[in-house]
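Data first, discussion second: the structure below is written as structure tokens.
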Amino acid sequence: MSPRTPILLTTLGALLAYAILQANTLRLASEADRLKAQNELLAQRIYSIDEIDEVSGKHKVVALIEQAIKIEGLDWDDRQIEAMARLCWRESRYNPNLQNPRSTAFGMYQFLNSTWKHTGIDKTADPLLQTIAAVRYIEGRYGTPKDALAFHLEPKVINGELVHYY
């Protein structure tokens, strides 16, 4: 073994380590790019709920509401479905990813973290699960979407001032 062998081995080891580091960096970068592209596609799919469903001919949010009502075994008529769609529009403009910058309110129905806990559904960006959670919450708290909408449209006095949220 020559006197240069340890230096050569050290240099080769360093080069190998550098090559592994570079490969991992590229792998992580490509994984990050893949995840970014996947999130962009998911966002496009989710935001497309503000359209007409090609199969039923109904607004996609109405179709989600009808599906959630069916899953929950309720028999709400078209007026209740319309009231629920109006609530969703007022809360988020049908955006299942809407995050309030000043609170934990999130999603199509702007549930707080504490509200999610009462629905039995974990906080999610899935529009159907958000709608099922909203159906459960509305039924439990207000009885019907029309009653929930009436409550939210009613002016309230808070700290001596008349407040109207919508």
Subject >> Interchain or long-range residues, amide H under 5 Å from Phe111's placed H >> reply: Phe106
Original post:
Once you sort the root eigenvalues of the Cα gyration tensor of region 60-163 as a ≥ b ≥ c, which label holds: rounded (a/c under 1.5), prolate (a/b larger than b/c) or oblate (the other case)?
Top reply: oblate
Subject >> Those lysines that a straight Cα-Cα span of less than 21 Å connects to Lys156, excepting residues fewer than 8 apart in one chain >> reply: Lys146
Original post:
How large is the dipole of region 60-163 about the Cα centre if only Lys and Arg carry +1 and Asp and Glu carry -1, each at its Cβ, rounded to the nearest 20 debye?
Top reply: 340
Original post:
Along region 88-98, what does the Karplus equation 6.51 cos²θ - 1.76 cosθ + 1.60 (θ = phi - 60°) give for ³J(HN,Hα), rounded to whole Hz, x for Gly and Pro?
Top reply: 4, 4, 5, 6, 9, 6, 6, 8, x, 10, 5
Original post:
With labels modelled as points extended 7 Å from the Cα through the Cβ direction, what inter-label distance (nm, one decimal) is found for Glu51 paired with Asn100?
Top reply: 3.0
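No value in this document is a laboratory result; all are computed from the given coordinates. What you see is a predicted model; the values in this text were computed from it and never measured. So basically every Cβ, Gly included, is an ideal-geometry build from the backbone, and we count neighbours across all protein chains shown.
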